[in-house]
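Engineer: I'd like to ask some things about the structure below.
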Amino acid sequence: MQPAASVIFTTYNQPDWLEKVLLGFAAQDRRDFEVIVADDGSGEPTRERIERLRPALPFPLRHCWQEDDGFRKCEALNGAIAASTADYLVFTDGDCIPRGDFLSTHLRLRRPGRFLSGGYHKLPMQTSLAIGAEDIASGRCFDVAWLKAHGMPASHRNLKLSAGPRLGRMLDAISPARASWNGHSASAWKRDILAVNGFDERMRYGGEDREFGERLENAGVRGLRIRHRAATVHLDHSRGYVTAEGIEFNRRLREETRRTRRTWTEYGIVKGPPPQSA
């Protein structure tokens, strides 16, 4: 049977965080989905962790590994898109634990001609380390009081976790935040993703998700904000790939995408121009 959704996220040498994310999907309130781990060249400990967890997971799990040749997240994502079997694709990151209603919220709110723009809640390292398997299964790692007791500071942003469906809908309606493609919580129809040829594999660390979303918008697929309704908690980690040169390269590429209203990248799933103009 075809799954209702293919969940896609990348990982790179973070097996402990990966395990917490997979346990988050094991705690979802629906089971009709597959998970594809787009692995950007992790070592043997990641493969071993996946194989240890696989028998207990209540969903099909695919591990799409590519050789470690530097930061190639967009290439890994494109490989996972090509391997997916559902008509609707949900994206997150390998360091974001999804709340139990994360997937059902994305599927309930999907619309033709739209992509969904979710949010995440950053946790400090102390809190990230404190979260265990039972905290994920019970959902208490999304309880603001529990998180604050384990090192999360007080903030108005905690509303992303504490708002119920009605308040969340209202906050999403009035939020000034742009409904951009946010790779930690976003979803779209596979046909729309293929129409823009997936992610641009030239993109470096920082903003690579946004350029993809801007091409969707150029193609007429508009974002719908659900940042207060599809919750994930973001586990802390270092960002070794960030360079000023890479950020500037991405900025120029995004600027070109916006200026030219480009929809198709010749550096995506298919290499070269769109098939109909080849």
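Engineer: Based solely on its DSSP helices, what 222 nm [θ] is calculated for the chain when runs of n ≥ 4 H residues each add -39,500 (n - 2.57) and the sum is averaged over all residues, nearest 500 deg cm²/dmol?
Structural biologist: Counting only the DSSP helices, I get -11000 deg cm²/dmol.
Engineer: Then there is this: Could you tell me what a quarter of the Cα convex hull surface of the chain works out to, in nm² with one decimal place?
Structural biologist: Projected over every direction and averaged, the Cα hull of the chain covers 14.7 nm².
Engineer: Using the basic label-point model (7 angstrom from Cα toward the beta carbon), what is the ALA83 to TYR205 distance in nanometres?
Structural biologist: 2.3
Engineer: Further question on the same structure: Across the range 103-110, in residue order, what do the Karplus-derived ³J(HN,Hα) couplings come to in whole Hz, using 6.51 cos²θ - 1.76 cosθ + 1.60 with θ = phi - 60° and x for Gly and Pro?
Structural biologist: Rounded to whole hertz, the list is 6, 5, 5, 4, 6, 5, 9, 5.
Engineer: At a 10 angstrom cut-off on C-beta neighbours, averaged per residue, how do the peptides 156-162, 54-60, 261-267 rank from highest to lowest?
Structural biologist: So the order, starting with the most tightly packed, is 261-267, 156-162, 54-60.
Engineer: For the range 48-61, take each phi angle, set θ = phi - 60°, evaluate the Karplus expression 6.51 cos²θ - 1.76 cosθ + 1.60, and give the result in whole Hz per residue in order, putting x for glycine and proline.
Structural biologist: Once rounded to whole Hz, the list reads 4, 5, 4, 5, 5, 7, 3, x, 8, 7, x, 8, x, 10.
Engineer: Right, next: Which far-off residues, 5 or more places away or on another chain, put their amide H under 5 Å from the one on ARG62, with H placed in the peptide plane?
Structural biologist: VAL35, ILE36, VAL37
Engineer: Now for a separate question. What FRET efficiency comes out for ARG169 versus ARG222 if R0 is 22 angstrom and r is the Cβ-Cβ distance? Round to the nearest 0.05.
Structural biologist: According to the calculation, E is roughly 0.80.
Engineer: Using the beta-carbon distance between ALA149 and GLU266 and R0 = 51 Å, what value does 1/(1 + (r/R0)^6) give for FRET efficiency, to the nearest 0.05?
Structural biologist: Calculated transfer efficiency: 0.50.
Engineer: Now, a different point. What spacing in nm lies between the two simple spin-label points modelled at GLU248 and LEU194, each 7 Å away from Cα in the Cβ direction?
Structural biologist: Computed distance between label sites GLU248 and LEU194 equals 4.0 nm.
Engineer: Along the Cα-to-Cβ line of GLN2, 7 Å from the Cα, sits a label point; which residues in the range 28-54 have backbone N less than 19 Å from it?
Structural biologist: Answer for this model: 31-36.
Engineer: Oh, and also: Using only Cα atoms and rounding to the nearest 10 degrees, what angle (0 to 90) does helix 208-218 make with the longest principal axis of the chain?
Structural biologist: Its long axis makes an angle of about 60 degrees.
Engineer: Starting from the Cα of LEU129, step 7 Å along the direction of its Cβ; do the same at ASP29; then give the gap between the two resulting points in nm.
Structural biologist: 3.4
Engineer: Beta carbons within 10 angstrom, averaged per residue: use that to sort the peptides 244-251, 84-91, highest first.
Structural biologist: 84-91, 244-251
A short reminder: the numbers here are calculations on the coordinates, not readings from a lab. Given the structure is predicted, the values throughout are model-derived calculations rather than measurements. A quick note on method: Cβ atoms are made from the backbone with ideal geometry, for glycine too, and the neighbour counts reach across all protein chains shown.
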